[in-house]
1. Taking R0 as 35 Å, what FRET efficiency do you get between residue 63 and residue 239 from their Cβ-Cβ distance, rounded to the nearest 0.05?
2. How much accessible area per residue does segment 1-79 have, in Å², with a 1.4 Å probe?
3. In Å³ and rounded to a whole number, note down the convex hull volume per residue for the Cα atoms of segment 44-176.
4. Quote the charge dipole size of the chain about the Cα centre in Debye, to the nearest 20; the model charges only the Cβ of Lys and Arg (+1) and of Asp and Glu (-1).
5. Projected onto the charge dipole of the chain (+1 at Lys/Arg Cβ, -1 at Asp/Glu Cβ, origin at the Cα centre), which of 143, 162, 216 gives the Cα projection farthest towards the positive end?
6. Let me know the whole percent of all Cα-Cα pairs from segment 2-329 that are separated by more than 26 Å.
7. Between segment 169-235 and segment 49-88, what's the alpha-carbon centroid distance in Å?
8. Does anyone have the angle between helix 96-106 and the longest principal axis of the chain? Alpha-carbon axes, 0 to 90°, nearest 10?
Amino acid sequence: MTILVTGGAGYIGSHCVRQLIAAGQKVCVIDNLSRGHREAVPPQASFFQIDLLDTEQLTDIMKSQRIEKVIHFAALAYVGESVENPLPYYSNNTAGTISLLRAMRQSRVSQIVFSSSCATYGIPASIPVTEDSPQTPINPYGWSKLFIEQMLIDCAHSYPNFGFIGLRYFNVAGCTHDGALGEDHNPETHLIPNCLKTALGQQSQMTILGNDYPTADGTCIRDYIHVDDICAAHLLALDALTPEAQRFYNIGLGHGYSVLEVIKTAERVTGCEIPIEYHPRRPGDPPVLAASNEKISRELGWSPRYTSLEEIIRSAWNWFQTHPHGYEHKTGSHTGNEPKDHS
Ligand code: UFG
């Protein structure tokens, strides 16, 4: 069986490809390399640089590579950017998934694990968030993912043998234990990488985006989950994927940390002072997000190996110290930082 991994050159996708290969799976990666890194794809995986919107080429690859199941990571994933420029989010994420689902139908592939997001919940009515909480996103990124969830439900309703498992990630962080793969975004907007870049002296201070939220210290609270634990959930989901599967699971630790708590922890891990400056809120940011992971634990037997924020940050620090400029030697036709807008 060959697994197609879309976005397999990206941060989470590449960690998952590595775990799949270690588990003995045959893997085919597609990625348009607009934000991914060719160097992050191990040589054991076949690789095609194509865009999700190229349905014809996607169909050819699925047929020639004898794909049986799909893990779909490829997406733009910056909340703030999606508010500033929403159309690339609907184009890459939502329309890109329509193209993928069409290619799957044309090549008779009918099972998919989909990377969804806690951003689909918007501002949750209660914490921790369970899977049946109302989904009312407050940013285009969250909407682009929620539309896909609905498409999957509709496909499962209408197409025989179409099965899916959607995983709603909370805040993914950290890097694999041996430092071989890491987080290399450009632009980098995420909290933990920016703390570590400040510790390395690559930027002079950390910007705190809002300290007037209704939380104990006024900064946003997020549930940080290690990337290898997210990937382990994908392997379990792949095993549980059947033609009847129609399920969604949250993946998070179950409790959150404020922005200030993350910065303090990063100071402890790195031994460096991280100067801070307060800025206004970033549009599209909910005040508090933390997952109930009870469903995935009960039904798939998932449990996180990394249970402390300190361990998660330490694994990321390991990567940033050894790769201060990320995957430096770019190959292929990396196209730059602008999101592709096919709209
Ligand atoms: N933050 C700062 N300063 C920074 C960066 C972030 O204060 O320099 C704050 C943000 O405002 C937010 C928190 O830190 O309150 C976490 O921000 P991240 O950018 O690290 O993560 P987000 O919560 O915005 O988004 C991430 C993923 C999304 C996913 C979401 C789920 O990028 O794809 O987690 O919460 F949907």
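1. Values: r = 25 Å, r/R0 = 0.70.
Rounded to the nearest 0.05, the efficiency is 0.90.
2. On the way: 2880 Å² over 79 residues.
Solvent-accessible surface per residue comes out at 36 Å².
3. Spread over its residues, the Cα hull of segment 44-176 gives 130 Å³ apiece.
4. Roughly 720 debye for the chain.
5. Result: 162, furthest along the dipole toward the positive end.
6. Result: 44 percent of Cα pairs exceed 26 Å.
7. If we compute the Cα centre of each part, the gap is 24 Å.
8. 20
The values are calculated or read from the model by the stated rules, or taken from the named source; none is laboratory data. Just so you know, these numbers come straight off a predicted model, no measurement behind them. Cβ: placed from backbone, ideal geometry, glycine included. Neighbour counts: every protein chain shown. SASA here: full protein model, heavy atoms, side chains in, ligands and nucleic acids out. Shrake-Rupley method; radii C 1.70, N 1.55, O 1.52, S 1.80 Å.
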